[in-house]
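Heads up: the structure comes next, in structure tokens.
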Amino acid sequence: MDYNTSHFPTWCPGCGDFGIWASLKAAFAKLSLPTHKLALVYGIGCSGNMSSFLKGYGFHGLHGRAIPAAAGIKMANHTLHVIVIGGDGDLLGEGLNHLVTAARANFHLTVILHNNQVYGLTTGQSSPTSLPGSKGKITPKGVIDLPLNPVSLALISGATNVIRSFAGDIPQLTKDIITSLNHPGFSLIDVLQPCVTFNKLNTYSWFRQRFKRLDSVPVTLSESLAKAEWADDSIYLGQFTKRIRPVFTDQYAFLKQKSLIQADNPRDLTKILESLK
């Protein structure tokens, strides 16, 4: 099945978004997912431009608000595979509260976090994941804030499937996306990727020199959090937790039985609409 549109990506040559785009298409193909069963919800940023390059139902909304839109789509139609595609600035800046809430509630969503430690679309400002000392247009002397760790944040927020992956390893990222799409609950994939134009520190070689892979899924939260931390010489990739607990829609009888689009009591809004004319 062809998941390409007629538009070719406009990302910079070497951008990590190409690897994520390729991995998503490969995962969809391996699962034989038809495009009418895909609901792709995009944030604002370079990653959000994928809305023009990937087939499926797409919603490109407000900055930071992709997750609540995705949650509404999933409640409305349980049969859709709902995927959020956003950057570290979008999902961990304005969208931070929505990420935490969705993980706590265990909405059945897959969130692909494009983590390049910079605001690339607006030409190089520091982001919530920028490392201390990173220089950018608004931090010419270097970032002084501590960076957010998306994996740690998702773990303590109650996410039931948390993975850290790499845009430069398409076969493994494809497997991670398949794992997440098959997981019944909230999934976060923190995809580390270079921004070849505006982040000259966290390059492909910089990442590869530090990557280590988890031997197995950690058993306890404390073990998961310990492995999630970045060290000077090591960054662990892999699945940090895999738990099963009721998804949000299963905890409400009317949502567990059917999607909102299948409701038996459709209301006639004609009078309300007429009153607004």
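For this structure, a couple of remarks:
- Tally, over region 222-277, of residues that are surrounded by fewer than 10 Cβ atoms within 10 Å (Cβ to Cβ) and among the acidic types (Asp, Glu): 5
- Wholly enclosed strands (runs of 3 or more DSSP E) of region 74-174 bearing at least 2 residues at pLDDT 95 or above and in contact with an Asp or Glu (Cβ under 7 Å, 6 or more places away or on another chain): 110-115, 161-166
- With respect to being charged (D, E, K, R) and either touching a Lys or Arg at 6+ places or on another chain (Cβ under 8 Å) or under 18 Å from ALA70 (Cα atoms) (or both), ASP176 falls outside the description.
- Among the residues making up region 153-170, a single one is polar (S, T, N, Q), buried (at least 24 other Cβ atoms within 10 Å of the Cβ) and in contact with a Gly (Cβ under 7 Å, 6 or more places away or on another chain): ASN161.
- Where a residue in region 69-95 is without any contact (Cβ under 8 Å) to a residue 24 or more places away in the chain and surrounded by fewer than 24 Cβ atoms within 10 Å (Cβ to Cβ) and its partner, wherever it lies, is among the charged types (D, E, K, R) and in a helix (DSSP H, G or I), with Cβ under 8 Å and at least six apart: none
- Matching residues in region 162-208 - criterion: being closer than 25 Å to ASP250 by Cβ and within 13 Å of the chain's Cα centre (by Cα): VAL162, ILE163, ASP176, ILE177, SER180, LEU181, PHE186, SER187, LEU188, ILE189
The values are calculated or read from the model by the stated rules, or taken from the named source; none is laboratory data. Just so we're clear, the structure is a prediction, and the values are computed from it rather than from any experiment. Please note: Cβ atoms are built from the backbone with ideal geometry, for glycine as well, and neighbour counts cover all protein chains shown.
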